[in-house]
Amino acid sequence: MVAVKGRVVLALNSGSSSLKYGLYAVDGDPVLLVGGTIETTDDHGRFFDAIEIALRGWPTPTVIGHRIVHGGPHRAAHCRIDDAVMADLEAACAFAPLHGPASLALIRAAGARYPGVPQVACFDTAFHAGMPDVASTLPIPRAYRAGGVRRYGFHGLSCESIVRQLGNDRPARLVIAHLGNGASVTAVRDGGSIDTSMGLTPSGGVMMATRTGDLDPGVLLYLLRETGLGAAALATLVDHASGMAGVSGLSGDMRVLRAAAGDDAGLAIRMFERSVCKQIAAMIASLGGADMLVLTGGIGENDAATGQAIRAGLAWMPGLDIRTMPSQEDAQIALHAAALA
C-alpha cells in the first residue's frame, strides 16, 4: 500500500448526472491521489464498489467530504455530519428537491460502507452566507423570510477555489463566472461574496443548459392558468426542458450546439452569451466596478468561443483583467473535510 502524509480524504461531488470522486492527501495543499467520474444511478452501493476498485493500493479514507448543494436556512458553514445535521438536510430538501435526497442517500451509503469514518458536509451556499441584506432579500412579502425564503447563491465551493488559487493576486473587486451545465456569476469583494445571480434555488440567474435562469414570473402564472400545467410539470419545464436545450430543440450541451448548423442552435448560444454578459454587468454594478473577471466551469474553461464572446460583450470595460482558471471544487472539499475532521 502506498504511504501518504496527512489526512486521507475521499471527496464526493454529486451532480445531476454523475458523481465525481477524488482521494486526496491533505498535508498543506491537497494532493490528488486518484479520482474519476461515475454515471449517476440510484444504486449507491454500486458507486462505492466502483470507487473501492479504483482505490485499491491506496490508504483507506480517514474522512469523507460531501458537496451539498443547499444548506437550507439553518446551515451557513461547512460542518461535520451528525444526526442534527442530517435532520437539517432533510428539511433543506424542500429548497433543493433535485439534489437534497440524492445527497442524503449518498451520505447514508458512505456511512454504511465506511463505518466510523467521519463525514463532512461542504455547502455550496456557505460562501454566500455573509451577503448583505440588499442582495440576500427577495422582493416578496417579509412574512416569508422567516421560513428561509431568500437568496442563497450556489457554486460556492468553486468560488472558494478561485479565491484560494488567486492568493495574493486576488483583487479587491472580483467577478467569478462559473459556466457549465449550471451557470452563475458572483461578485466578490475582499474575498467574500456580496451578490450572486442564483437565488433561492440553482434555477435562477444565467440562462443555462436546461434551466431557464431568470424568467418573468408571469410566464409561469400564464402556463399554470392557461395550459393547466401543475407543479411537477412546471418544475420539469424550469429545470430540465428549457435553457439552451429548450431554445435549440436539440441539446443543452455547448459542444453539440457549436457543431450544429441550425439557426436555433446559434440563437441558443447567443442568448446564453448575452445572459452571461448581463449578469456580469450586474455584478460589476454591485461592486461599483471590477478589477478582474475569472471564467471557470466546463464551458468557462474549455469553450474558447464563449470566452471570446464575453470579452467582446465587455469591451466597454477597458482594463478589465479577464482570466480563465480551473474550478477545483473537489480539492476545496478535501481541505474543509481535513480541517473539520
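The values are calculated or read from the model by the stated rules, or taken from the named source; none is laboratory data. Since this is a predicted model, take the numbers as computed values, not measurements. When we count neighbours, we look across all protein chains shown, and the Cβ atoms used for this are built from the backbone with ideal geometry, even at glycine.
Across segment 6-57, the qualifying residues are those that are among the β-branched types (Val, Ile, Thr) and at pLDDT 90 or above, and the one among them that is nearest to the chain's Cα centre (by Cα) is Thr37.
Quick one: is Gly300 more than 20 Å from Gly156 (Cα to Cα) and outside the structural domain of Arg67 (by TED's automatic domain parsing)? First the steps, then the outcome.
Values: more than 20 Å from Gly156 (Cα to Cα): no; outside the structural domain of Arg67 (by TED's automatic domain parsing): yes.
In short, no.
In this structure, is Arg151 more than 30 Å from Asp49 (Cβ to Cβ), touching a residue at least 60 places away in the same chain (Cβ under 8 Å) and of a type in the set (Lys, Arg)? Write out each step before concluding.
On the way: more than 30 Å from Asp49 (Cβ to Cβ): yes; touching a residue at least 60 places away in the same chain (Cβ under 8 Å): no; of a type in the set (Lys, Arg): yes.
Considered against the rule, which asks whether it is more than 30 Å from Asp49 (Cβ to Cβ), touching a residue at least 60 places away in the same chain (Cβ under 8 Å) and of a type in the set (Lys, Arg), Arg151 comes out as no.
Pairs are defined by a Cβ separation below 7 Å, a sequence spacing of at least 6 or placement on different chains, a first member in segment 313-335 that is basic (Lys, Arg), and a second member that is at pLDDT 95 or above; the pairs so defined are Arg323/Met292; Arg323/Val294.
Scanning segment 281-302 for residues that are out of contact with any Gly (no Cβ under 8 Å at 6 or more places or on another chain), surrounded by fewer than 17 Cβ atoms within 10 Å (Cβ to Cβ) and of a type in the set (S, T, N, Q) turns up at least one hit.
So, of the residues in segment 308-341 that are among the aliphatic types (A, V, I, L, M) and more than 30 Å from Ala121 (Cα to Cα), which turns out to be surrounded by the fewest Cβ atoms within 10 Å (Cβ to Cβ)?
Of everything passing the filter in segment 308-341, Ala315 is surrounded by the fewest Cβ atoms within 10 Å (Cβ to Cβ).
Pick out the one residue from Thr125, Thr137 that is over 17 Å from the mean Cα position of the chain (by Cα) and of a type in the set (Ser, Thr, Tyr). Show your work before the answer.
Working: Thr125 fails: over 17 Å from the mean Cα position of the chain (by Cα).
Checking each option against the conditions leaves just Thr137.
Does Ala282 qualify as being in the same structural domain as Gly204 (by TED's automatic domain parsing), assigned to a helix (DSSP H, G or I) and more than 25 Å from Leu200 (Cα to Cα)?
Working: in the same structural domain as Gly204 (by TED's automatic domain parsing): yes; assigned to a helix (DSSP H, G or I): yes; more than 25 Å from Leu200 (Cα to Cα): no.
No; evaluated as a whole, the condition is false for this residue.
Mind checking whether some residue in segment 313-332 is more than 18 Å from Ser161 (Cα to Cα) and part of a helix (DSSP H, G or I)?
Of the residues in segment 313-332, the ones more than 18 Å from Ser161 (Cα to Cα) are 313-321.
Adding the requirement that they be part of a helix (DSSP H, G or I) leaves 313.
Looking for residues that are more than 18 Å from Ser161 (Cα to Cα) and part of a helix (DSSP H, G or I), one finds at least one in segment 313-332, hence yes.
Count, please, the residues in segment 68-100 that happen to be part of a helix (DSSP H, G or I), out of contact with any Asp or Glu (no Cβ under 9 Å at 6 or more places or on another chain) and not aliphatic (A, V, I, L, M). So the count comes out to 3.
Among the residues of segment 128-157, what is the count of those that are touching a Leu at 6+ places or on another chain (Cβ under 7 Å) and either of a type in the set (Gly, Ala, Ser) or in the same structural domain as His78 (by TED's automatic domain parsing) (or both)? Total satisfying the criteria: 0.
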